[in-house]
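Taking it in order: structure first as structure tokens, then the write-up.
Every read-out reported here was derived from the displayed coordinates using simple, explicitly stated rules and does not represent laboratory data. What you are looking at is a predicted structure, and each value in this text was computed from that prediction instead of being measured. Here the Cβ positions follow ideal geometry from the backbone for every residue, glycine too, while neighbour counts run over all protein chains shown.
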Amino acid sequence: MIVVDDGSTDGSAKILAELAIDDARVRVLTNDVNRGKGAASRRGFAEARLPFVVVQDADLEYNPADYPRLIGPLLAGKADVVFGSRFQGAAEHRVLFFWHSLGNKFLTLLSNACTNLNLTDMETGYKAFRLDVVQRVELEESRFGIEPEITAKVARLHCRVYEVGISYHGRTYAEGKKIGWRDGVHAVFCILAYSAAGERLGLKRLRRAVARFTGG
């Protein structure tokens, strides 16, 4: 297990240091300041050594009990990348924000139109990869833009993409949820910029300008 402590200030670093001492399978990487989910994921991918990689957010909105389902297509040799969908299957889901759900569906539809995939949940935080695949992808996003970016780039590599239903236990903002409308705006520009047409049109320059506005 590779744990990236992204500049936490809540005592996580002390707990992680104790875990690393007690269990040699735990490796802790520390960022001196908070750099964002994308930056933390890039660092973890670069340090990974085993054949498959699963991204696990520390807030446990996604349940590790779903790992067997998530990596099943990888173990069977059928997939290169597996997306865990919050919107398919019969697993339990906490009912939360209507507008978040609508925004997610819009972003997934736009992403599918640009990548020619037929995902139901592009923005999912539960993705699993063959190590050799994820280390071939040159990732640039530091925050939540990593989700549309990595989707666009694995699609352009013609990876075998599977999707499986997972459970989801979302948090409210009072419970610490961070993603907001600015991240949604940034995601739209990431979807367009990292598409084949977007790269030909040079939309990455526009994406960087939007990132300065949105904090992405």
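Quick look at the values:
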read-out	value
Contact order relative to length of the chain, as percent, for alpha carbon pairs under 8 angstrom and 6 or more apart	24
Where Cα atoms sit under 18 Å apart: lysine pairs in segment 51-214 separated by 8 or more or lying on different chains	4
Cubic angstrom per residue, convex hull over Cα atoms of segment 34-136	136
Residues Ser111, Ser101, Ser167, sorted so that the one with the fewest Cβ neighbours within 10 Å comes first	Ser101, Ser167, Ser111
Rounded, prolate or oblate (a/c below 1.5 giving rounded, otherwise prolate when a/b exceeds b/c) for segment 12-69 by Cα gyration tensor	rounded
Percent of beta bridges antiparallel (DSSP, the chain, rounded to nearest 5)	35
Theoretical gain in end-to-end length, Glu92 to Phe106 [0.36 nm per residue, Cα-Cα removed]	2.8 nm
Sorted by Cβ density within 10 Å, fewest first, the residues Ile150, Ile191	Ile150, Ile191
Anisotropy class of segment 51-214 from Cα gyration tensor, a/c 1.5 cut	oblate
Which of His158, His169, His100 has the fewest Cβ neighbours within 10 Å, and the rest in rising order	His158, His169, His100
Extended-chain gain in nm, criterion 0.36 nm per residue less alpha-carbon gap, Arg136 and Glu47	30.7 nm
